[in-house]
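The values are calculated or read from the model by the stated rules, or taken from the named source; none is laboratory data. Note that the structure is predicted; figures quoted are calculated from it, not measured. For neighbour counting, all protein chains shown are included, and Cβ atoms are generated from backbone atoms with ideal geometry for every residue, glycine included.
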Amino acid sequence: MKKSLTGLFIGAALLAISTNGMAQVDHADMITGPFKSGTDVTKKCLECHEKEAGDFIKTSHWRWKGPTNGHVRGYEKSKVEYGKTNMLNAFCVTVEGGPNQEARGHCGECHPGYVWNQKNFDFADKTKVDCLVCHAQAGDYGRENEQISDFTDLKKAAVSVSVPTIKNCGACHYSGGGDDGVKHGDLDSTLNRADKSLDVHMASKEKGGLGFNCQTCHKTKDHNISGASTMMATYSGRVFCEDCHSGGNAPHQKSRNKAILNNHLKSVACQTCHIPHFARAKATRTGWDWSTATSDIKVPPQEGRVAFAKGKGTWTWAKNVVPTYMWYDGTITRYMKGDKIKDPSKPVIMMSPYGSINEKSAKIYPFKYFTGKQPMDATYKYLSIFQQYKGLWDTLNWQKSLEDGAKGSGLPYSGKYEFASTISYIGQDHMIAPKEDALTCGDCHMGATRIDWKALGYKGDPMLIGGGRSNKSSIAHTVKPADSNFIQENWVEKHSH
Amino acid sequence: MKKAVSAVIVIAIMALGLFSMTKVASAGDEIKVVAVIQTIELAKDGNSATVVLKDDKADKSITVLVDDELTLAKFKDHRIVEGDEIRLKYEVKDGKNHSTYFRKTAGC
């Protein structure tokens, strides 16, 4: 009897360990230290976790590129892998600047490796994997200036490893674009201390939320984390609300308007009603004008945040923002490196959801509308790559930073530049409000201005004039590669071999 | 005998006290903490700021005096704002915490 009980306990313990992974494993007895470097810690990790490191180095988190898997319109047949490593955006623009891509030294602080600060980096070397940035829960782990912060207690950090918390993921994802809350609009450090009104899922249980970690929704297998972004070409599978909210957990079951609400689900994404505003706790950046960089203008702060830096240009900010609504079928149109700009007097669509009222697979989703102004080669008519870190930010010399950007990226610079306006539509999926704060009929219908029905392809407010997707017009709000003001010549594809 | 024992104990306690005071002083030379800014109050002359930070791990607030030009400039143009997480080093001088290093944990 005793033996069978012991067996039962051991079995239960093993099951707990296997289902909860390292959360249940106290590493204190396994890790003695001391450690002189992050790589020393990784070598210790590899004694037991060689397979995990092998899995990790295959992922886009490590490689900063991956297959597009049909995510980007016009690139369906592409065999080239894309990601942060070879794409441009309207924020810090690129990681490729510098004769030896020195810009990676700063941008690479969010690369989970020791230390990707130049063009060459051995992606096959597992000892370079930074396990701690995702797994350390103590020891003030962090990297700054291309090395581990002197605030870090490496042994304490190594002993504290566990499944990643939202703070681990947030260490990089909150600060996309160069500072807290800059890029995303629905992700910033206020989520670390969120109450239910900010995010019903990520707020702790003590604060009325569900206490989710990121990987509760972003299902992870063999260190490959599911998720897709309207900004990135690489695609690791989408996360849907319906992954949980279906079957017995289907939405609106207790609502007296259940039938009406569920009828909306054919055309309207959950996020559209359940993210009434984004950047609710902290302002997010809504524009970046690089053309004012190097000038001596003075711009007062906006929403309590810095609005100008001499090396970086002018920024606009907004808090508690009503999203822009667009059709989205899960694919995007995306400006890629080397795409030629057809008409520089018109904005270039950097990234946009694809979809229209005519496509049954598309739904109306909320987006952050972001405007940019960034350098464009005046002769070759494509967006330029320049060196900002250890470049423009220090030298305040556009010409030199553009020349050095060309050297690192291989994208030629003619010697003449101008500035092009850009527009980005950035998906909003986090900061889900409590149901009592969700949009109601009057927020979008009956004269409300929140949604531009005609821009979405309707003849008017479908609640007033009847119909819905069956009452479609010929207007489609979607941005197709053909009308996005750039010509996709697949420059990278042609030149990267 | 009793007196001698008492004297030894008193001396031992005094020595221990002195030792621990010395220890506190040396430990207080430079204290490192990662904490989140709760409030920033700039002095009227703009030459210093009093910043209150929350150390979540120790569940306590720390008040520091900041007077270096670069950090003050960052307060003034809002590059550093309330809610930012900071790597802070400070020294205790005349009963006050004086910042010697004040950097955000994230951002450019």
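Once region A:106-120 is narrowed to residues that are touching a residue at least 24 places away in the same chain (Cβ under 8 Å) and touching a Lys or Arg at 6+ places or on another chain (Cβ under 7 Å), the residue that is nearest to the other protein chains (Cβ to nearest Cβ) is A:E109. For region A:365-386, the condition of being in a helix (DSSP H, G or I) and within 23 Å of the chain's Cα centre (by Cα) holds for none of the residues. Taken as a whole, the structure leaves A:G237 outside the set of residues that are buried (at least 17 other Cβ atoms within 10 Å of the Cβ), within 15 Å of the chain's Cα centre (by Cα) and of a type outside the set (D, E, K, R). When residues in region A:288-304 are screened for being out of contact with any Lys or Arg (no Cβ under 8 Å at 6 or more places or on another chain) and either in contact (Cβ under 8 Å) with a residue 24 or more places away in the chain or more than 18 Å from B:K74 (Cα to Cα) (or both), 1 of them pass.
Residues considered: A:G170, A:G139. Of these, the only one that is within 14 Å of chain B (Cβ to nearest Cβ), within 23 Å of the chain's Cα centre (by Cα) and either among the small types (G, A, S) or in a strand (DSSP E or B) (or both) is A:G170. Looking across region B:75-91, just one residue is modelled with pLDDT under 95, surrounded by fewer than 19 Cβ atoms within 10 Å (Cβ to Cβ) and under 23 Å from A:T152 (Cβ atoms), and that is B:G83. Restricted to region B:40-108, the set of strands (runs of 3 or more DSSP E) holding at least 2 residues that are within 14 Å of chain A (Cβ to nearest Cβ) and over 28 Å from A:Q302 (Cβ atoms) comprises B:85-93, B:96-104. Can you tell me which residues in region B:35-47 are under 19 Å from B:L88 (Cβ atoms), in contact (Cβ under 8 Å) with a residue 24 or more places away in the chain and surrounded by fewer than 17 Cβ atoms within 10 Å (Cβ to Cβ)? Listed by number, the residues that qualify are B:Q38, B:T39, B:L42. All of (1) farther than 28 Å from A:K319 by Cα; (2) within 14 Å of another protein chain (Cβ to nearest Cβ); (3) of a type in the set (A, V, I, L, M) hold for A:V163 with one exception: (2).
Which of the residues that make up region A:279-298 are closer than 10 Å to A:W317 by Cβ and of a type in the set (S, T, N, Q)? Correct list: A:T284, A:T286. Residue count for region A:173-230 satisfying the condition of being of a type outside the set (D, E) and either at positive phi or in a loop (DSSP other than H, G, I, E, B) (or both): 34. Per the listing A:A283, A:A293, the residue uniquely within 18 Å of the chain's Cα centre (by Cα), crowded, with 19+ Cβ neighbours inside 10 Å and farther than 20 Å from A:Y75 by Cβ is A:A283.
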